[in-house]
Amino acid sequence: MVKQLQLVNQLRPIDVIVAKKKNGLGRILNHYVVYLGNGVFIGNLKDGVKTIPQHELLELLQDYEPIKIRRFTGNHFDIQRATQRAYQKIGQRYSFLGFNCEHFANWVQHGKEKSTQVTYGFLLLAGLITLKIATNGERK
């Protein structure tokens, strides 16, 4: 917990905390929370995009281990625009494939809703299907 709080103390506005679930199958995916500055965190959780109160952040840190900080690079005006993008999405529903926590973090930092985890998942699935089709054809 001390290590996690030290990590949080290093944050600057619009930095993204990348975390992994400490246990279980969720460990294979990265999870993202955006720091807006002045102690305010925002994320796309199961119940949608919302600011995360301090007590809820501490609860999340019980289940998730921060693994890195993805720094925001930009000037004061870029920070203002990114903060506006974050607040524009308040209340938007979570969708694993369409708008998850990575989509949200990328929207805030870069103005683009994208998730490399979803993209890689689709590529992996397509590869497995192709392999299955190819191996079925060899058996005939």
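Please give every one of the aspartates and glutamates within straight-line cross-link reach of residue 21, meaning a C-alpha to C-alpha distance under 19 Å, and leave out same-chain neighbours fewer than 8 residues apart. Filter leaves 47, 56, 59, 63, 65, 102.
Residue by residue, segment 81-94 carries 3J(HN,Hα) couplings of 5, 5, 4, 4, 4, 4, 5, 4, 8, 3, x, 5, 6, 6 Hz when phi is fed to the Karplus relation 6.51 cos²θ - 1.76 cosθ + 1.60 (θ = phi - 60°); x denotes Gly or Pro.
What do you get when you divide the Cα radius of gyration of segment 2-113 by 2.2 N^0.38 Å, with N the number of residues? Could you put the intermediate results ahead of the total?
Numbers: Rg = 13.1 Å, N = 112, 2.2 N^0.38 = 13.2 Å.
Ratio of Cα Rg to 2.2 N^0.38 Å: 0.99.
Each of the peptides 12-24, 31-43, 47-59 was scored by the mean count of other Cβ atoms within 10 Å over its residues; in descending order, highest first, they stand as 31-43, 12-24, 47-59. Positive end of the dipole of the chain (Cβ unit charges, origin at the Cα centre): among 115, 131, 105, the Cα lying farthest that way belongs to 131.
Taking each of 22/50; 22/132; 22/112; 46/132 in turn, the alpha-carbon distance tops 26 angstrom for 22/132; 22/112; 46/132.
Report the calculated FRET efficiency for residue 81 and residue 50 (r = Cβ-Cβ distance, R0 = 22 Å), to the nearest 0.05. Before the final figure, lay out the partial values.
Values: r = 20 Å, r/R0 = 0.92.
Once rounded, the FRET efficiency stands at 0.60.
We did not get these values from a lab; they are worked out from the coordinates using the rules stated. Keep in mind the model is a prediction, meaning the values are calculated, not measured. Neighbour counts run over all protein chains shown; Cβ positions are idealised from the backbone, glycine included.
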